[in-house]
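To start, the structure itself, in structure tokens.
The values are calculated or read from the model by the stated rules, or taken from the named source; none is laboratory data. This structure is a prediction, so every number in the text was calculated from the model and none was measured. When we count neighbours, we look across all protein chains shown, and the Cβ atoms used for this are built from the backbone with ideal geometry, even at glycine.
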Amino acid sequence: MPNIYLTINHYNKANGIAPYLYSGSDQNDNAEYIGSSKYLKEDIQKLGKENFEKVILFQFANISNKDLRKIESNMQVIDGHKKDARYYNKTDKAGPACGVKGMKHGKKFERSQVWINSRTGSNWSDEQKERRCGSGNPMFGKTITDKTKDIWKSKKRSIGANNPNALHWDVTIPTGEIYKDVVGLRSWCNDHNLSYSQVYGQRKGYKLIKYGQGKGGPGK
């Protein structure tokens, strides 16, 4: 069952070493998953997992991951985990896959004129502009019939979670949490503040298992 948990580092606690607590949420009740903090993982590697205990604080019968993380964040804010030296938690704004909301680059990266031109089209030749945007484009001056528009609308309505032939996915995020039977992968990524390109491309520790006959994702 989805839950809010507390991980206790009994070695650090017994020896008066801080931090020794970590609070988090677990959508899939994975007994092996005890936290995503970089420093917590380093201590687990150094001290051994036998010195760590995962205590379930709250359990929920049916709750979305988004709502679960809101409850987690509210608890961390109210109890002051971010500022409490006993806690590994460095943020009280929980995000899926260990994300920390509000992170920004320390400086702006300079863009070369070549890069800027490549985005604005200002380095296109007159011939290229004509071919792309003018009468040289085979679609130039054409109008779309109402019949074609209706076909496009019909196809658009059939895409996604309402389509009985839509792909289903099992998604594993970098923390080890597994989300079963995800339908509409792009929308699901948006709802969970995840990068669709990283998830779909199975980069940065994401893994996918695809169910269905559609052409997309792993094993096209």
Seminar exercise, completed: All conditions in (1) assigned to a loop (DSSP other than H, G, I, E, B); (2) crowded, with 20+ Cβ neighbours inside 10 Å; (3) more than 25 Å from the chain's Cα centre (by Cα) are true of ASP43 except (1)
Exercise. Just wondering, is there one or more residues in segment 16-31 that are in contact (Cβ under 8 Å) with a residue 24 or more places away in the chain, among the acidic types (Asp, Glu) and in a loop (DSSP other than H, G, I, E, B)?
Worked result: yes
Problem set entry | Those residues of segment 46-77 which are assigned to a helix (DSSP H, G or I), of a type outside the set (Lys, Arg) and under 28 Å from CYS189 (Cα atoms), in sequence order | ASN65, ASP67, LEU68, ILE71, GLU72, SER73, ASN74, MET75, GLN76, VAL77
Exercise. Just a yes or no: is a residue in segment 66-79 modelled with pLDDT of 85 or more, touching a Pro at 6+ places or on another chain (Cβ under 8 Å) and closer than 22 Å to THR175 by Cβ?
Worked result: yes
For this session: Could you tell me whether segment 17-27 includes any residue that is closer than 18 Å to ILE71 by Cβ and surrounded by fewer than 19 Cβ atoms within 10 Å (Cβ to Cβ)?
Result: no
Seminar exercise, completed: Contact list, first residue from segment 169-195 and within 27 Å of TYR39 (Cα to Cα), second anywhere and among the polar types (S, T, N, Q) and assigned to a strand (DSSP E or B), beta-carbon distance below 9 Å, six or more apart or interchain, is ILE178/THR172; TYR179/THR172
